Amino acid sequence: MHVTRSPGEVSGPAGGKVLPPGCPVSDIDPFSNEFFADPFPAQAELRDAGPVVWLSAWSLWAVARHAEVSIVLNDWATFCSGRGVGLSDFAREKPWRQPSLVLETDPPEHDRARSVLNRVLSPAVVKGLRESFAAKADELAAALVEKGSFDAVSELAETFPLAVFPQALGLREEGPEHLLAYAGLAFNAFGPPNELRRVALETAAPHVAWVTDQCRRENLLPGGFGAQIHEAAERGEGITSEEAVLLVRSLLTAGLDTTVNGIGAAVYCLARFPDQFAALRADPSLARAAFEEAIRYESPVQTFFRTTTRPVSIGGVSLDEGEKVLMFLGAANRDPRHWPDADRYDVRRRAAGHVGFGWGVHNCVGQMLARLEGEVMVAALARRAASVEISGPVVRRYNNTLRGLERLPVTVRPG
Ligand code: OVM
């Protein structure tokens, strides 16, 4: 049992920080491999400890229930992103890279950049990609079913987004190893200064150099998302050409590894719960819901932080100004206070209201694109395969923010 009641004061890294008397304290380290290997019991403990918990391992506040995670996500003025959405507080520490113009800003600056991305990734644009994405997904599913046994991470969850996203963005070179390494690095960098973050930053240079280069106007093919961002700047739509470079970087950072882990989550769910795969095969119109429920169930993006801009009371606990608050999106998505039968993967569930894509002003700008990728890949698999079975050791991939697998060996029977 990790959770204790606060005697009012804690020692350690907090250095004599006085906590509100009676507030829950936990020594769970949510950035340890032990936690990543099986986060669910620890997340339940954090939810049950109280609406807000002090994490002594890294000296910060955390919210793990759906209600409080939603409160924090919906109040950008109090829980800001401009001081970074990782543990590092940009007001005290130099960020590892120039801050993102959307992720790491607050209104009104945020909204200027966001509206450009909203237009570039609009529902109409995403709709226009459906046919070509579906064809690619079907081609991949057919080849994999033909093969019979394969690794659903390297041969499916990574292969499909790599086959469609860099092209939609307009990259000249595909450089898949750089794209996935860069995103892995960025998501590790949100975490505390543990081994994962240190090693990621130490090996970052070649990936940073490659990504930075790909964001330049001349390296982006006409018609892609990247060129459209630069064109918005050229038309004077609220961003400069330097800002356009950084907005392209946002898509490169957030657009690939996330969908890799989302699609990986969906295949992992369908392979573990054959009755759900059968339900999907019986009614292929459930493909989109099956992907959405996998996002709720596995929460590929597990956590984000905010920083308080003023003293605030949440769940009866008073937080000072300038405090980091960790939001457990994954724990909120499994909160039994919000979800009936929260730990059941159910393709017929109404998963709307999950916070796997965030919520509020920073909600995922690429979520319609992610859903398109997930839906067509799940649908293609259900069309081509009669069953999906795990056929070897499942190996987890460890990252400070992303939840997903390194290897998922499966055998599929042709449908
Ligand atoms: C960004 C960004 C946005 C969302 C997630 C993310 C690494 C990055 O704007 O760079 O994760």
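Could you list, in sequence order, all residues of region 168-200 that are of a type in the set (A, V, I, L, M, F, W, C), over 20 Å from LYS94 (Cα atoms) and open to solvent by 20 Å² or more (accessible area, probe 1.4 Å)? Of everything in region 168-200, those that are of a type in the set (A, V, I, L, M, F, W, C), over 20 Å from LYS94 (Cα atoms) and open to solvent by 20 Å² or more (accessible area, probe 1.4 Å) turn out to be LEU180, ALA181.
Checking the condition modelled with pLDDT of 95 or more, within 16 Å of the ligand (Cβ to nearest atom), on the phi < 0 side of the Ramachandran plot and in a helix (DSSP H, G or I), which residue from ALA141, ALA113, ALA124, ALA134 passes?
Exactly one of ALA141, ALA113, ALA124, ALA134 is modelled with pLDDT of 95 or more, within 16 Å of the ligand (Cβ to nearest atom), on the phi < 0 side of the Ramachandran plot and in a helix (DSSP H, G or I), namely ALA113.
From the list SER56, SER88, the lone residue that is modelled with pLDDT of 95 or more and under 22 Å from the mean Cα position of the chain (by Cα) is SER88. Among the residues of region 214-238, write down those that are open to solvent by less than 10 Å² (accessible area, probe 1.4 Å) and part of a loop (DSSP other than H, G, I, E, B). Matches in region 214-238: CYS215, GLY224.
VAL208 meets the conditions (1) under 19 Å from ASN118 (Cα atoms); (2) outside any loop (DSSP other than H, G, I, E, B) in every case but one. The failed one is (1).
On the basis of being open to solvent by less than 50 Å² (accessible area, probe 1.4 Å) and either under 30 Å from GLU242 (Cα atoms) or free of Cβ contacts under 8 Å to residues at least 40 places away in the same chain (or both), does VAL52 make the cut? No, not satisfied.
Every residue, every condition in (1) over 26 Å from the mean Cα position of the chain (by Cα); (2) more than 23 Å from LEU405 (Cα to Cα); (3) of a type outside the set (A, V, I, L, M), yes or no:
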residue	(1), (2), (3)
GLY224	no, yes, yes
ILE229	no, yes, no
GLU237	yes, yes, yes
THR240	yes, yes, yes
PHE277	no, no, yes
SER285	no, yes, yes
GLU293	no, no, yes
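Look through region 268-311, keep the residues that are open to solvent by 10 Å² or more (accessible area, probe 1.4 Å), basic (Lys, Arg) and in contact with a strand residue (DSSP E or B) (Cβ under 8 Å, 6 or more places away or on another chain), and return whichever of them is nearest to ALA183 (Cα to Cα). Top of the filtered list is ARG306. The set of residues in region 240-260 that are surrounded by fewer than 21 Cβ atoms within 10 Å (Cβ to Cβ), part of a loop (DSSP other than H, G, I, E, B) and within 16 Å of the ligand (Cβ to nearest atom) is empty. Which pairs do you get when a residue that is at pLDDT 95 or above, found in region 92-104, comes within reach of a residue that is open to solvent by 80 Å² or more (accessible area, probe 1.4 Å), reach meaning Cβ atoms under 9 angstrom, with the pair 6+ apart or on two chains? From region 92-104, the pairs are LEU101/GLU109; LEU101/ARG112.
Taking the criterion of being more than 16 Å from the ligand (Cβ to nearest atom) and hydrophobic (A, V, I, L, M, F, W, C), the residues of region 64-93 that qualify are ALA64, ALA67, VAL69, ILE71, VAL72, ALA77, PHE79, ALA91.
Name the residue, out of TRP61, TRP96, that is away from the ligand (no atom under 16 Å from the Cβ) and not aliphatic (A, V, I, L, M).
TRP61
The values are calculated or read from the model by the stated rules, or taken from the named source; none is laboratory data. As the structure is a prediction and not an experimental result, all values here were calculated from the model. Every residue, glycine as well, gets a Cβ built from its backbone with ideal geometry; the counts of neighbours run over all protein chains shown. Keep in mind that these areas ignore ligands, DNA and RNA; they rest on the heavy atoms of the full protein, side chains included. Shrake-Rupley method; radii C 1.70, N 1.55, O 1.52, S 1.80 Å.
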